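S.K.: Structure provided below as structure tokens; questions to follow.
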Amino acid sequence: MKLEVGLADFLTHLSLEKNASDKTVKSYREDLTQVLAFARQRLQKPQVDPADWNTRLLRSYIAWLHEQNYAKTTIARRLAALRSFGKYLCRMGVLSQNPAQGLRGPRTQRILPHFLTLDDIHKLLAAPGDADWAARRDRAILETLYSSGIRVSELVGLDVMALDLTDGVMTVRGKGKKERLALLGPDAVQALRRWLDDRTTLLQKLHKDTPAVFLNKHGGRLTTRSVGRLLAKHLRTAGLDPRTSPHTLRHSFATHMLDAGADIRGVQELLGHKSLATTQVYTHVTTQRLQQSYQKAHPRS
């Protein structure tokens, strides 16, 4: 089997067996297509044989990435893709050992997530106002994102049947199409109830029917890009940091939960993180804030 064929099979495996998102599959395709192109050029061959796929070749590829001044995070991601691809090829019997397994990636400095303070959150949630259905929809979107900590992709994928406003819970489909329950506070529930009334009126006016919770003016499901645009609009109204993205509300949710003493494993479950290490980045944020408060307040700090 040529490695180009192996790549096609690997991408199909990711999509169908691993339930990877389209974005994830695209990322693997781009990363591994690049290394195969590098290998063909280095080997002066039209296609790459399994026998060519060795640690020496992959080490020269990593060195080339450094020479091209790729970011450390990009190099680390591409090395992770190489390891996953090699593991798959071994499982399929194409390779006897994974040549990427022993390769070391660059040390990357973990960037602490940007989040909003509680005062900023209050300003943002008040920004849409209550003038019309679009304002009430936007308020429901912002309340839902902050109250539940779900991803924006999970928000736009919500269907009405996934909501249980009586108990304040909803079923969301996260990465790998895995379902989990997310919680909604009283303010989010109230905002959603008001929007759902507007939604019914809008759909009746348009003579349309859709399961989607959040709609545009044409009755279609909102996109992640649309949510980003409406957030930017309300950030300007509230006079808040324009770097803020929908994901910032997820960061804010996690940080504020841990600040208030929530159990980290409970927060991990609510966020839908597969690994606790992913959630632990928020403990670094809260520890950093605690240290800053200590240095300001303690007389001998």
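The values are calculated or read from the model by the stated rules, or taken from the named source; none is laboratory data. Everything quoted here is computed from the prediction, not taken from an experiment. Cβ sites come from the backbone with ideal geometry, for glycine too, and all protein chains shown count toward neighbours.
S.K.: Residue under question is residue 134, and the condition is that it be in a helix (DSSP H, G or I) and small (Gly, Ala, Ser); does it hold? Can you show your working first?
M.R.: Details: in a helix (DSSP H, G or I): yes; small (Gly, Ala, Ser): yes.
Criteria met by residue 134.
S.K.: Can you report the number of residues in the range 185-233 which are in a loop (DSSP other than H, G, I, E, B) and of a type in the set (A, V, I, L, M)?
M.R.: Qualifying residue count, the range 185-233: 2.
S.K.: Please determine whether any residue of the range 224-239 is without any contact (Cβ under 8 Å) to a residue 12 or more places away in the chain and touching a Ser or Thr at 6+ places or on another chain (Cβ under 9 Å).
M.R.: yes
S.K.: Please go through the range 71-98 and give me each residue that is part of a loop (DSSP other than H, G, I, E, B) and in contact with a Lys or Arg (Cβ under 8 Å, 6 or more places away or on another chain), ordered by number. Talk me through it step by step, then tell me what you get.
M.R.: Residues of the range 71-98 that are part of a loop (DSSP other than H, G, I, E, B), as a first pass: 71, 92-98.
Residue satisfying the conditions is 98 alone.
S.K.: Kindly indicate which of 262, 254 is touching a Leu at 6+ places or on another chain (Cβ under 9 Å), at pLDDT below 90 and surrounded by fewer than 20 Cβ atoms within 10 Å (Cβ to Cβ).
M.R.: 262
S.K.: List the residue pairs whose Cβ atoms are under 6 Å apart, where the first residue sits in the range 15-41 and is outside the structural domain of residue 157 (by TED's automatic domain parsing) and of a type in the set (Asp, Glu), the second is part of a helix (DSSP H, G or I) and at pLDDT 90 or above, and the two are 6 or more positions apart or on different chains.
M.R.: Taking only residues 6 or more apart or on different chains, the pairs are 31/78; 31/81.
S.K.: Next up: Within the range 44-66, does at least one residue satisfy the condition of being among the aliphatic types (A, V, I, L, M), assigned to a loop (DSSP other than H, G, I, E, B) and more than 30 Å from residue 178 (Cα to Cα)? Spell out how you get there, then give the answer.
M.R.: Keep residues of the range 44-66 that are among the aliphatic types (A, V, I, L, M), which gives 48, 51, 57-58, 62-63, 65.
Remaining after also requiring assigned to a loop (DSSP other than H, G, I, E, B): 48.
Pick out the ones that are also more than 30 Å from residue 178 (Cα to Cα) and you get 48.
Yes.
S.K.: Pick from the range 68-121 the residues that are in contact (Cβ under 8 Å) with a residue 60 or more places away in the chain and over 30 Å from residue 149 (Cβ atoms): which of them is surrounded by the fewest Cβ atoms within 10 Å (Cβ to Cβ)?
M.R.: The extreme case among them is 92.
S.K.: If we scan the range 171-183, do we find a residue that is surrounded by fewer than 16 Cβ atoms within 10 Å (Cβ to Cβ), in a helix (DSSP H, G or I) and at pLDDT below 95?
M.R.: yes
S.K.: Hey, another quick one. Taking residue 168, is it assigned by TED's automatic domain parsing to the domain that holds residue 269, out of contact with any Cys (no Cβ under 7 Å at 6 or more places or on another chain) and under 19 Å from residue 227 (Cα atoms)?
M.R.: Judged against the criteria, residue 168 is not a match.
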